[in-house]
Each structure stands twice: as structure tokens, then as C-alpha cells.
1. How high is the relative contact order of the range 1-149, in percent, counting Cα pairs under 8 Å that sit 6 or more residues apart?
2. Please rank 26, 262, fewest neighbouring Cβ atoms within 10 Å first, as an exposure proxy.
3. Determine, at each q value in 0.18 (inverse angstroms), the log₁₀ of I(q)/I(0) that the Debye formula gives when each Cα of the range 180-327 is one equal point scatterer.
4. Near residue 198, which lysines are there with a Cα under 16 Å away, not counting those fewer than 8 places off in the same chain?
5. I need the shape label for the range 245-296. Rule: rounded when a/c is under 1.5, else prolate if a/b > b/c, else oblate, with a, b, c from the alpha carbon gyration tensor.
6. With both bridge residues required to lie in the chain, what share of the DSSP beta bridges run antiparallel, to the nearest 5%?
7. Using Cβ contacts closer than 10 Å as the measure, can you line up 164, 107 from fewest to most?
8. What 222 nm value per residue comes from the helices of the chain, counting each DSSP H run with n ≥ 4 as -39,500 (n - 2.57) and dividing by all residues, nearest 500 deg cm²/dmol?
Amino acid sequence: MKRVALITGINGQDGYYLSRFLKSKDYDVHGITSCSKPGIGEPPENCYYCDFAEGSNLNQILGTVQPDEIYHLAAQSHVRLSFDIPVYTAEVTGVGTLRLLEALRYYEEQSQKKIRFYQASSSEMFGKVVESPQSETTPFHPRSPYACAKVFSYWQTINYRESYGMYACNGILFNHESPRRGEAFVTRKITKAVARIKLEMQDKLYLGNIDAKRDWGFAGDYVEAMWLILQQDKPDDFVIGTGKTHSVREFLEAAFGAVDLDWKQYVEIDPQYYRPAEVELLCADPSKARQKLNWEPKVSFEELARLMVEADMRLTQQEKILSEASS
Ligand code: NAP
Ligand code: F7E
């Protein structure tokens with residue numbers, strides 16, 4: 001019998017890589033998508049509509065899918081945007097998790113089946129860091145509505161584990177990127193601009209705080225860690241990252257350098273991209289994942305920047321050909 005996985009947020013970056021990974025492990029993969037996109041008709045096969053700001057059909061979806069494993073990735077995941085829509089972010093990214101955990105508790109009671117639950121927790125919870133690097137025992141100091149919502153979800157996940165004996169785990173993932181990264185996140189914003197500048201379709205790139213430092217890895221590596229977290233004998237929480245930190249400035253150097261351009265000639269600072277409170281430095285201590293999950297990231301910082309630039313060069317070249325053909 002194939003194992004059945006349910007991925008919320010299947011249309012996002014991680015949903016894309018995780019569904020491919022699980023299919024390669026012969027899972028029957030189902031997904032949840034929000035109803036928010038205009039023009040959407042019938043959901044694709046094995047896909048169900050649910051808006052986590054409301055979630056009233058979650059019981060029905062669980063009854064239909066009958067999952068063995070749930071990967072809860074759905075969230076309003078943009079930190080800067082969360083300052084503009086804090087209540088919506090709390091509803092979706094915070095209370096949405098509680099809605100799913102409560103539906104899952106009811107489903108387990110009814111079906112007498114044990115389901116494994118993964119919560120997409122975030123290094124943003126460490127926020128104004130009290131120590132570096134950050135591990136599973138580092139206290140949280142969230143610095144945005146998004147991070148506060150993730151702290152809420154983190155503790156709800158642990159509460160359901162402790163209160164009801166559910167197999168519920170947190171993966172505390174540091175930033176991970178790919179050609180599938182949303183274009184409003186800094187790495188993808190940069191690699192897209194690099195391609196457009198190289199192909200003479202854009203002159204400048206406007207950014208906020210380029211001194212912020214992040215522990216950046218490749219999303220394809222990180223979805224394997226999500227799966228490994230749900231394969232352990234006992235439910236537990238794990239920090240997942242590379243253990244290396246780089247500034248946005250260093251990412252600029254690597255990305256523009258990949259096409260032999262000097263970033264300083266093209267980048268300008270625009271305070272509209274500053275945040276009301278910034279997370280200045282994140283750096284993971286992934287020792288527990290290394291020891292217990294035998295997990296290691298494979299793609300380096302430089303390789304990540306290069307593979308994202310190469311993917312955006314291909315996309316932008318196609319875009320340019322199409323726009324020239326239609327003009
Ligand atoms: P992402 O690309 O933003 O994907 C999140 C998905 O959530 C979206 O594609 C969206 O799918 C869905 N969603 C948003 N609002 C929804 C709602 N109201 N109801 C139902 N679905 C909704 O994020 P990601 O980078 O793949 O990250 C996956 C998860 O890991 C997120 O929870 C994120 O907060 C967390 N995380 C990410 C990182 C990172 O560096 N990438 C690090 C730590 C934690 P639709 O298209 O269906 O609306
Ligand atoms: O910003 C700075 C910005 O938006 C990274 C999400 O996946 O990872 C992500 O959150 C840094 C910040 O990611 C611009 O101020 C400068 O210091 O790419 P980002 P994030 O905020 O770290 C965590 C782990 C998550 O959980 C989140 O869901 O880059 N920065 N200039 C900029 N950032 C953006 N977006 N745009 C700029 O123009």
C-alpha cells in the first residue's frame with residue numbers, strides 16, 4: 001500500500017520540491033491550495049481548496065484523503081508584508097495551524113489512526129538573537145507579526161504532542177531558496193534583476209537593508225529534512241540550516257559575479273524596503289539534525305546563487321524573445 005501524504009501550501013516553493021521528493025519515494029501525494037487566486041476553476045487532481053484563514057472544510061478533506069503524513073507548509077510567509085497585514089498573517093500563519101491540529105485531533109479520534117504532522121517553523125522565531133549560532137534550545141525573540149504567528153504555531157504543535165500524544169513535530173528551517181522562490185524574497189528579487197540587467201531589460205535594482213545576514217540553503221535539500229523528521233521513532237523538533245551565514249551584500253556579489261557584473265554599479269538603497277524591526281543575523285547550529293537525522297545540506301551558498309541566476313537567465317531570455325516577437 002502506498003503511503004499517503006497531504007501537503008498544505010503545495011503551490012509554494014517548498015510544496016513543489018516536497019511533492020516531487022515524496023513522489024520519488026512512491027507516496028500518493030495530495031495537496032491543499034488557497035482559493036485566493038482569481039480565475040481559478042476546478043482544483044487539479046489530488047488537490048483541495050481550503051483557506052486557512054477559515055478552514056471549515058478541513059475535517060472533510062482529512063476524511064477524503066486519509067493521510068499517513070501531513071506537511072503543513074501553508075502560510076502568509078512574507079515577513080515585510082506581515083507588518084502591513086498583521087491580523088491576516090496571524091489568522092493564516094498562526095491560527096490556521098491550530099485549525100488544522102484540531103481537525104487532525106478529531107480525525108485521529110474518529111479513525112483510530114495515528115497521523116504524522118510536520119509544522120513549518122522558522123528561524124525568524126529567533127529574531128533578535130540571544131546567542132549565535134541558534135539551536136533547538138535557543139530562546140525565541142520574534143521581530144515581526146509573521147514570526148509571532150510562527151511562535152504560536154510552534155507551541156501549539158508541541159501542545160498537541162504533549163496533551164494528546166500526537167506525532168507532531170517542528171522543523172525550524174533557516175532560509176532556503178531556489179528558482180521556485182517567490183519574486184518578493186531578496187535572493188530571487190536579486191537573481192531576477194541580474195538576468196534582466198544582463199539582458200538590458202532593467203537598469204537598476206532597489207533594495208533595503210543589504211547588511212542583514214542569513215543562513216541560506218537550497219530548498220531541494222531542505223525538503224528531505226522535513227521527510228526525515230517524520231521518519232523518526234519519536235516526534236521531536238529540529239533546527240535545519242547550513243551553519244554558515246552571509247550578508248545580502250555577499251549574495252549580491254555572488255549573483256552579479258555569476259554573469260561578470262559589478263553589483264555596485266546597479267544597486268540602490270530604497271528605504272521603502274526597510275522593516276519596522278529587522279532580524280540582523282541568523283546562523284543555524286544544525287548539529288542535532290546531523291547526528292539524529294544524518295542530514296547534511298549539499299548545495300553551497302555560491303552554487304545556490306549561480307543556479308538561481310542561471311535559471312532566471314533562461315526564463316528572462318524566453319520572456320525577451322516572446323516580447324520581441326509580439327512587438
Ligand atoms: P511560499 O512559497 O510562500 O508558500 C506558501 C504557500 O501557502 C503559498 O504557495 C500559498 O499557496 C499557501 N497559502 C498562503 N496563504 C494561504 C491561505 N490563506 N490558505 C491556504 N494556503 C495559503 O512559502 P515556502 O517558501 O514554500 O515555505 C513553506 C513554509 O515554510 C511556509 O509556512 C513558510 O512560512 C515556512 N518557512 C519557509 C522558509 C524559507 O526560507 N522558504 C523558512 C522557514 C519556514 P496558494 O497558492 O495555494 O495560495
Ligand atoms: O529577506 C533583507 C531583508 O524577505 C531577507 C521567509 O521565507 O525566510 C524568509 O524571510 C533579508 C531581510 O527573507 C530587501 O530586510 C534587503 O533582512 O528574503 P527575505 P526573510 O525575511 O529572511 C524566513 C526563514 C521565513 O520563515 C520567511 O517565511 O533581506 N532585504 N532588501 C530585503 N528583503 C526583501 N524581501 N526585499 C528587499 O528588497
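Only the coordinates and a few stated rules stand behind these numbers; no lab work does. Here the structure is a predicted model, which means the values were calculated and not measured. Note: ideal-geometry Cβ built from the backbone for every residue, glycine included; neighbour counts use all protein chains shown.
1. 24
2. 26, 262
3. Evaluating at q = 0.18 Å⁻¹ gives log10 I(q)/I(0) of -1.07.
4. Candidates past the 8-residue exclusion: 189, 264, 320.
5. Cα axes put the range 245-296 in the oblate bin.
6. Of those bridges, close to 5 percent are antiparallel.
7. By the 10 Å Cβ count, ascending, the order reads 164, 107.
8. -12000 deg cm²/dmol
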